[in-house]
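**Student:** Okay, handing you the structure first.
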Amino acid sequence: MKRILTIALVLLSCSTLSAQQVASRAKAMRMMAFSRPEYQIKDLKVYTDTMTVYSLSRAVIYPFGEWTSVEQYITDNQLHWYREQNYRHYYDSMEVSVNRMRRVDDSYIDLYYSIWTKKVEILSGYVADPEIVLDNGLHVGMTKDEVFNIFFKRYPRSYTSDIAVLKVVSGAGEVAEIYTFKGQKLRHIKIETAYKYY
C-alpha cells in the first residue's frame, strides 16, 4: 500500500510540474504578442520569479546610449562621476584600458573604447542611484508597471505580479540587463556582458 501511495505522489508531482511548464510557456507566448516592435523581442521565458526577454534591439547593447568617447558620455549626462582607470586582460596576452565611472552610492559603469566599433562599449555595471537614467528612460525607483510598459504595449497584470527579476538579453547573448524588483519598485539594475574581444 505504501508503494502505491508513493508512486501516486510521484506521478502527481510530475504532472503538476509539467502543467506548470506549459502554463509558463503559454504566459511567455502571450507576453510576446504584447511586446513593443522597437525592442524586436524574439523569445521570452518565465521561470518561477524571473522573466527573461531576448531582444534584437541596439538599446540592449547600448543601455546608456551610443557614444564615441567616455568624455562625451560624462559631459552629456550632467552627473558627477568619480572616474577610475585601470587595465583588464583579454585573451591572456592583451590588456585594454577600462574606465570605471563610479557614484558615491557604489553605482558604477565599466566602459571601454572599442577600436572595432569606434564606440564606447559597456563591460559591466551596477545602478542603484535613481539619478542614473538609461537611454530608454528606465531608472531605479520606477514601479514594476512602468518598467514593463517600456518593453510591452499592454499585458495582463497577473502575468507580472510574481516576477521579481526581469532579465533583458541581447540577441547574441553578449549583453544582459537585469532589473531586480523589491515589492513593486525597481531596486537596482545590473549589466553583465560576455565580450571576448576588444
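**Student:** Round to a whole angstrom and tell me the spacing of the C-alpha centers of the stretch 113-161 and the stretch 34-78.
**Tutor:** Each part's Cα centre sits 6 Å from the other's.
**Student:** Check Y62: other-chain or 5+ apart residues with amide H under 5 Å from its amide H, H built from backbone geometry?
**Tutor:** none
**Student:** Still on this structure: So what's the net charge close to S107: Lys and Arg +1, Asp and Glu -1, counting the other residues with Cβ under 13 Å from its Cβ?
**Tutor:** Spelling it out: positives minus negatives among the neighbours equals 0.
**Student:** For F34 paired with M94, estimate the spin-label separation in nm (one decimal), with each label point 7 Å from Cα along the Cα-to-Cβ line.
**Tutor:** 4.3 nm
**Student:** Here is a follow-up. Report the full-extension gain for the segment T68 to K45: residue separation times 0.36 nm, less the Cα-Cα distance, to one decimal in nm.
**Tutor:** 4.9 nm
**Student:** Modelling each spin label as a point 7 Å along the Cα-to-Cβ direction, I'd like the R157/R58 distance in nm, to one decimal.
**Tutor:** With each label point 7 Å from Cα toward Cβ, the separation is 3.7 nm.
**Student:** Which distance in nm do the two modelled labels at S124 and A164 give, with both placed 7 Å along the Cα-to-Cβ direction?
**Tutor:** Computed distance between label sites S124 and A164 equals 2.3 nm.
**Student:** Search the structure for amide H atoms under 5 Å from the amide H of F152, placed 1.01 Å from N in the peptide plane, and list their residues when 5 or more places away or on another chain.
**Tutor:** Amide H to amide H, under 5 Å and 5 or more residues apart or across chains, F152 pairs with R36.
**Student:** So for the stretch 129-198, considering every pair of alpha-carbon atoms, how many percent are separated by more than 15 Å?
**Tutor:** Cα-Cα pairs in the stretch 129-198 separated by more than 15 Å: 56 percent.
Coordinate-derived values only; no laboratory data. Remember, it's a predicted structure, so these values are computed and weren't measured experimentally. No Cβ is skipped: glycine too gets one built from the backbone with ideal geometry, and neighbour counts run over all protein chains shown.
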